[in-house]
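Have a look at the structure below, then the notes.
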Amino acid sequence: MTAKNMEDLVSLCKRRGFIFPSNDVYGGMKGLYDFGPMGVELKMNLKNSWWKSIVYERDDIEGLDSTILTSPTVLKYSGHEDTFSDPLVDCRVCKARFRADQLESSECPKGGSLSKCKTKDLTEARAFNLMFKTAIGPVDDGSSFAYLRPETAQQIFVNFKNIIDSTSRTPPFGIAQIGKSFRNEITPRNFIFRVREFEQMELEFFVKPGSDEDWHKYWVDQRLKWWSEQGVSSDKLKLLEVEKEELSHYSKATFDIMYEFPHGLEELEGVANRTDFDLGSHTKNQEDYEINAKVTPNKSSTTKLAIQDLESKKWYIPFVIEPSAGVERGVLAILNEAYTQEDENNRTVLKLKSHLSPIKAAVIPLKRNNSDLVNLANKIKSELQSLGLGRVMIENSGNIGKNYRRHDEIGTPMCITIDFETLENQSVTVRDRDTMKQERVDLSNISTYYSNYFKNN
């Protein structure tokens, strides 16, 4: 079961501390959101799951954490300065702005105090650069500046030689990065789906030319499998091959993994065959290599971004396969999948995969501020927390029913209640989130019970 609409998710996220509008006390800032106590844990768990599957469980991928500030020279040769823009249209009547490619007719779909402006008095579409520009140094005279990176990929490409030299890697291998990106979207929309500041989980996988199509198919399959493991239903996913005329300038082929969000079917992750465009664009001595892609002549690079084939001794520019996913879109999809309204039980529950749950267990003293119960609860909490499986929380409100309902809504897999029977026979009540079943567990076995649960779920 999923949310009926976006409003259900937005309400839950604010009520239970997942996501808040940024700068909310001053009316907020459009296209910017803050992740609260539950949201930051869910977001971190999703990123950790991605990193674990991409880096820790493989032997052919290295990690990177690069700077956000990016040289204009990098973005010049990557093509971003010339091509990273959206078509901007203004309404001369209500002054609304929107992307021309999202305009369904020649009429303005917006308006100030009006529900629909509907005027046809629109400006011609013009290119609007999506990159944020910032001054470097103490004097803002326009001569020294950088961009906030619009994607994490380019810093991976310019670090290619550093990774090769420090690890002795040869294709096929990848470089993975999770980090902030910034795009000055004309029309941020649909909650956290399209925002101006976001995180990407991005892999650049380098392969020999000629093997790229097989690797492209491989990574599409891997990414579909991974999303399924995060609890995203396969029947909500659709694989869309991007039409040739719609491909990015660097792409030989791209598959978009589409998901049925509450607002409609949209991209969750893209898997692109970027050919040799990126390394070919940033390498020195471009004329020494057979570069397949059309690249801008580069006289600024100081580094050769090529690999020597050990058998033929010939130097070549690797092709790149790029799976790239937005963290916020992933969080939105996972929240939507987990959202369950149980009318028969009169409750809302987030049936998150246990490895993604913000809180792994809530330890609840039955009576508020009873020193015997609270002290024992704190001891159990510390014991479980030390196992390193995630955050364990103490709930000392004294209202067991409200505590259960709260933790159902934030997706906590188990609640452990410390009651007066615990003091007598050293056992606790463990309640399962999904089934609501309760069982008594001996304190001596609680760590094993807890560990086995997360091992098997």
Among the residues of the stretch 235-246, is there at least one that is farther than 29 Å from N336 by Cβ and without any contact (Cβ under 8 Å) to a residue 24 or more places away in the chain?
yes
Give me the residue from the stretch 1-37 that is touching a helix residue (DSSP H, G or I) at 6+ places or on another chain (Cβ under 6 Å) and in a loop (DSSP other than H, G, I, E, B) and, out of that set, surrounded by the fewest Cβ atoms within 10 Å (Cβ to Cβ).
G17
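Which is in the same structural domain as C13 (by TED's automatic domain parsing), crowded, with 19+ Cβ neighbours inside 10 Å and either among the basic types (K, R) or without any contact (Cβ under 8 Å) to a residue 60 or more places away in the chain (or both), of R189, R149? Working first, answer last.
Numbers: R189 fails: crowded, with 19+ Cβ neighbours inside 10 Å.
The match here is R149.
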Within the stretch 23-47, track down each residue that is polar (S, T, N, Q) and free of Cβ contacts under 8 Å to residues at least 60 places away in the same chain.
N23
Of the residues that sit in the stretch 271-290 and are surrounded by fewer than 20 Cβ atoms within 10 Å (Cβ to Cβ) and either closer than 30 Å to G330 by Cα or in contact (Cβ under 8 Å) with a residue 24 or more places away in the chain (or both), which one is farthest from the chain's Cα centre (by Cα)?
D288
K455 passes all but one of the listed conditions (1) within 23 Å of V331 (Cα to Cα); (2) crowded, with 18+ Cβ neighbours inside 10 Å; the exception is number (2)
In the stretch 392-410, the residues that are out of contact with any helix residue (DSSP H, G or I) (no Cβ under 6 Å at 6 or more places or on another chain) and either part of a strand (DSSP E or B) or in contact (Cβ under 8 Å) with a residue 60 or more places away in the chain (or both):
M393, R406, D408, E409
Testing N370 on (1) at pLDDT 95 or above; (2) surrounded by 15 or more Cβ atoms within 10 Å (Cβ to Cβ); (3) out of contact with any strand residue (DSSP E or B) (no Cβ under 7 Å at 6 or more places or on another chain), one condition comes back false. Which one is that?
(1)
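The values are calculated or read from the model by the stated rules, or taken from the named source; none is laboratory data. Not measured: the values here are computed from a predicted model. So basically every Cβ, Gly included, is an ideal-geometry build from the backbone, and we count neighbours across all protein chains shown.
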